[in-house]
Amino acid sequence: MVDKATEIKSVKVDGTPARGSFIQAVAAVVWKDLRAEFRSRELFSAMLVFSLLIILIFNFALELDVKTRRSVTAGVLWATFAFAGTLGLNRSMAIEKDRGCMDGLLLAPVDRSAIYFGKVISNLIFMLIVEVIVLPVYSALYAINLFQPGLILVILLGSIGYVSVGTLLSAMSVQTRTRDILLPILLFPVAIPVLLAAVKASNGFLTGAEWAEILLPLNLLIAYDVIFIAVAFMVFDHVVEE
Amino acid sequence: MITVKKLVKRFGLKTVLRGVDFEVQPGEFVALLGPNGAGKTTFLRILASLSRPSLGQIRIAGYRLPDQAAQVRARLGVVSHLPLLYGDLTAEENLRFYARMYGIPHYEARLTEVLEMTGLEARRHDLVRTYSRGMQQRLAIGRAVLHDPDVMLFDEPYTGLDQDASSMLDDVLKTVAAQGRTVVMTSHDLARAEDLATRFDILSRGLISASASSAELKQTNLLSFYKQALAG
Amino acid sequence: MQPKPVALKVLDLASIILLAISTYLALVFAPTERVMGDVQRVFYFHIGTAWTALLGFILAAVFSVIYLIRKDLKWDRFQVAAIEVSLVFFLITIVLGSIWARPAWNTWWTWDPRLTTAAITELIYAAYFMLRQGIDDPDKRASFGAIYALLGGLSAPLTFFAIRLFRTIHPVVIGGTNPEADGGFSMTADMRLAFFFALFAFTVIFIDLFWNRLRLGDLQDNVEQLKLKVSM
C-alpha cells in the first residue's frame, strides 16, 4: 500500500515552462482528438462523404471526359480538399467550445501555442486521412495514377498551409455569433495563395512538366507554410485570451 | 493565499469590476455572493487567468497574474458550471488527458484515487456523454483536483443539478475543502453557501460591499446579512 | 459634443478644391492620348485611388501589429478608419479600371494577376467587416480584427505571386499579349503633371476622410458612453 501523503506530493506540478512539458501537451491534445474521433467517427465520415459528393458534382458539372480530365484533375482535387477541410476544421473547434473544453485547455500550465500546434496536427491528420482515401477512389474512377511521390509532397505541403491558417481562423470564428457560416468566408480569401500554388504544382506533376516549372509553386507553398505558421504561433495567444 | 488589490475590469466602455480589494488566507473557504450581473463570474475568470485584468494587482500562491500565469495555473483548480469534459472520451481518458496537459508525473495511481473520491470508479470506462449532469459535475471536480492544487475556484457548481446530485456534490466539495485547500466559490444559493463556507463576501455593482466570517454571522442569519449588504 | 477642429475643416475645404483642380487637369488640361482617346483620362483617378487604397491597407497591417502589442483601442479605431476608406477607394479603382479595360482590352474583366488580386483583396476586407460584426466584446473584436487584417495583408502579395504562376501556363487568357504592353503609353509633360497632381490630391482626400472617420468613431464611443450613463 502506497503512503497517501507521499502519493499526493508526487502529483504536484510547478508550471515553470519546460520543453518536455510543451511536447507532452501537444501530444496530449493530438491523442485526445484522435481517440475521440476514432470512437465517434462523426467528423471524419462527414468529411469523406462530403468529398465524394463534391467529386460526383464535378464529374457532371465539368463532364470529366478523358480530354478535360488531364487539365482539371488538380483543380477538382484541391477544391474537394478545401471544402471538406473547412467542414472538419469547423467541427473540430466547435467540440472545444461546446462544453467549455477550451477553458479546460487554457487552464493547463502550458504555453497556449501547445494547444494551437496540437489542434493543427490533429486537423492535419484528419485531412490527410480523407485525402488518402479520396486519391485511390479518384484514381480508380478516372484511371489516372495519383500515387506519385511528387504529388504526395504537394498534398502534404498544401494541407499544412491550409490547416495551419484554418485552425487559427476556426479558433476565431467559433467565438463569433455567426460561427457556422463564417469560417469559409474568412479562410478562402487568405488561403488562395496556398490553393493556387498547390493546384499549379499538382498539375505540374500530373502532366509531367519540367522541374523548373514545378519548383516555383513548390517554393511558394513552403514560403506560405513558414510565414503563416510563424504568424499563427505569435498571435494565437490573442485569439484565446479575453 | 490570494491577494487582489484595486482590480478593475472593463469590457470596452462598460466597467464590470471597479476596484475590487480581496484577500483570502490559506485554508479559508470564501463564498462570493451577489446578484446576477454583479461580476462574480468575471472576477473568478480573472483569478483563473482566463481573462486579463484591465488594472490592479493579483497574487495567487505567491505568483503574480497575469505575467506568471503558468505558475498560478499549476496551483489552481477550476470548476465552472460547464463540465470542461469531452463527451466522446471515457471518464478515465478525460482525466488522463488533463493529467498529461498538466504534466503530472506518474499519474495512473492518481486517476484511480480521484475516481474513487468522486464515486465514479465503477463507471470509469463509460463515455462521459452517457453521464448524468450530476456525475459530469463530480468528474469535473475530479478533473480540477487532479494536480492537487492549493487553490480551488468554483463558479456556480450547483447550476442545473437536482436535489440528490447537489447533496452528492456537497460531499465531494467538503472532502476537497477538508484537504486543506483554499476555496473561492460563487453562488446564488445562500443555503448551500452557508453550509460550506467559512467567510461570506458580497459582490455588488463591481465592488465587494460587505464581508463576514461564519463566526460573525452567529447572531444574525446569512439571508438578512445578504439583504443588508445589497441595500447598503 | 466637441466642435469639428479648425484644421479638419480646412482640410475638408482643401480636399474639395484639390479634387476640383485634379478633375480639371485630368479631363481638360491633359492632352488626349493618341491611341486610346478620351477613355485614357480615367487613368489619373485610377492610379490616385489605387495608391491611397494600398497605402491604407499597409497602414492597417501596421496598426494591427501596434494594437496587438499595446492593446490600446485607439489603434483599432485607426485600423477600421483606414480599412473602411481604402475599401471604398479600391472599389473605385476597380470600377475605373474596368471602364478603361472595355475599349483597351475589349473586355470589362480579365483574370490578370493585378485584377484578380484586387478582387480578392476586396473580399478579404469584406470578410474583415463580417468578422467584426459577429463579436460584441470590443477588445476581442479589436484583437480578431487586427489578426485578420495582418493575415490579409500578408496573403495579398502572395496571392499576386500565385496568380502570376498561372499566367505563365495560360498566356492566352488576355489575348496573347502582356497587359502592360496592351494599352501602355508614354506620358507627355502635361500628362505627368495631371498624374502627380492626382496622386497628391487623392492622398490629401484620403487623409481628410481618414480623419473624419476617426472623429466619427470617437463620437460613436461618446454616444455609447452616454447611453451607459443613462441606463445606470
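What follows draws every value from the coordinates through simple rules; no lab data is involved. If you're wondering where the values come from, they're calculated on a predicted model, not measured in any experiment. Using ideal geometry, Cβ is built from the backbone for each residue, glycine included, and neighbour counts are taken over all protein chains shown.
Things worth noting here:
- Annotation note: of C:Leu151, C:Leu131, C:Leu115, C:Leu123, the sole residue that is assigned to a helix (DSSP H, G or I) and out of contact with any helix residue (DSSP H, G or I) (no Cβ under 6 Å at 6 or more places or on another chain) is C:Leu115.
- Hits in region C:128-160 (condition: within 14 Å of chain B (Cβ to nearest Cβ) and surrounded by fewer than 23 Cβ atoms within 10 Å (Cβ to Cβ)): C:Arg132, C:Ile135, C:Asp136, C:Asp137, C:Pro138, C:Asp139, C:Lys140, C:Arg141
- When A:Ile152 is tested against (1) more than 11 Å from chain C (Cβ to nearest Cβ); (2) under 22 Å from C:Ala156 (Cα atoms); (3) surrounded by fewer than 24 Cβ atoms within 10 Å (Cβ to Cβ), exactly one condition is not met: (2).
- Among the residues here, C:Trp75 does not qualify as within 14 Å of another protein chain (Cβ to nearest Cβ) and outside any helix (DSSP H, G or I).
- Criterion applied to A:Leu215, A:Leu195, A:Leu182, A:Leu146 was being assigned to a helix (DSSP H, G or I) and either in contact with a Leu (Cβ under 9 Å, 6 or more places away or on another chain) or of a type in the set (Phe, Trp, Tyr) (or both), and the one residue passing it is A:Leu182.
- Residue match in region B:132-150 (condition: surrounded by 22 or more Cβ atoms within 10 Å (Cβ to Cβ), over 15 Å from the mean Cα position of the chain (by Cα), farther than 20 Å from B:Met1 by Cα and not aromatic (Phe, Trp, Tyr)): yes
- Once region B:12-35 is narrowed to residues that are touching a helix residue (DSSP H, G or I) at 6+ places or on another chain (Cβ under 7 Å) and closer than 26 Å to C:Leu219 by Cβ, the residue that is nearest to the other protein chains (Cβ to nearest Cβ) is B:Gly12.
- Checking B:Thr41 against (1) under 20 Å from B:Ala212 (Cβ atoms); (2) surrounded by 17 or more Cβ atoms within 10 Å (Cβ to Cβ), the condition it does not meet: (1)
- Which listed residue, of C:Ala26, C:Ala81, is part of a helix (DSSP H, G or I), under 30 Å from A:Val239 (Cα atoms) and in contact with a Lys or Arg (Cβ under 7 Å, 6 or more places away or on another chain): C:Ala81
- Helices (runs of 4 or more DSSP H) wholly inside region A:11-128 containing at least 3 residues that are more than 7 Å from chain B (Cβ to nearest Cβ) and in contact (Cβ under 8 Å) with a residue 24 or more places away in the chain: A:19-40, A:42-61, A:66-98
- In region B:37-59, residue nearest to B:Val4 (Cα to Cα) [restricted to those that are part of a loop (DSSP other than H, G, I, E, B) and more than 17 Å from the chain's Cα centre (by Cα)]: B:Pro53
- Filter result for C:Phe29 (touching a Phe, Trp or Tyr at 6+ places or on another chain (Cβ under 8 Å) and among the aromatic types (Phe, Trp, Tyr)): no
- When B:Leu32, B:Leu84, B:Leu47 are checked against the criterion of being under 29 Å from C:Leu73 (Cβ atoms) and in contact (Cβ under 8 Å) with a residue 40 or more places away in the chain, B:Leu47 stands alone in meeting it.
- All conditions in (1) at the interface with chain C (Cβ under 7 Å from one of its Cβ atoms); (2) part of a helix (DSSP H, G or I) hold for A:Thr176, with the sole exception of (2).
- Among the residues of region B:213-232, those that are part of a helix (DSSP H, G or I) and under 13 Å from B:Phe200 (Cβ atoms) comprise B:Glu216, B:Leu217, B:Lys218, B:Leu222, B:Leu223, B:Ser224, B:Phe225, B:Tyr226, B:Lys227, B:Gln228, B:Ala229, B:Leu230.
- Summed over region B:99-113, residues that are touching a Leu at 6+ places or on another chain (Cβ under 8 Å), within 20 Å of A:Ile23 (Cβ to Cβ), in a helix (DSSP H, G or I) and at the interface with another protein chain (Cβ under 7 Å from one of its Cβ atoms) total 2.
- Pairing residues of region B:3-17 that are closer than 12 Å to B:Leu55 by Cβ with residues that are assigned to a strand (DSSP E or B) and among the hydroxyl-bearing types (Ser, Thr, Tyr), at Cβ distances under 9 Å and at least 6 apart in sequence or on separate chains, gives B:Val8/B:Thr15; B:Lys9/B:Thr15.
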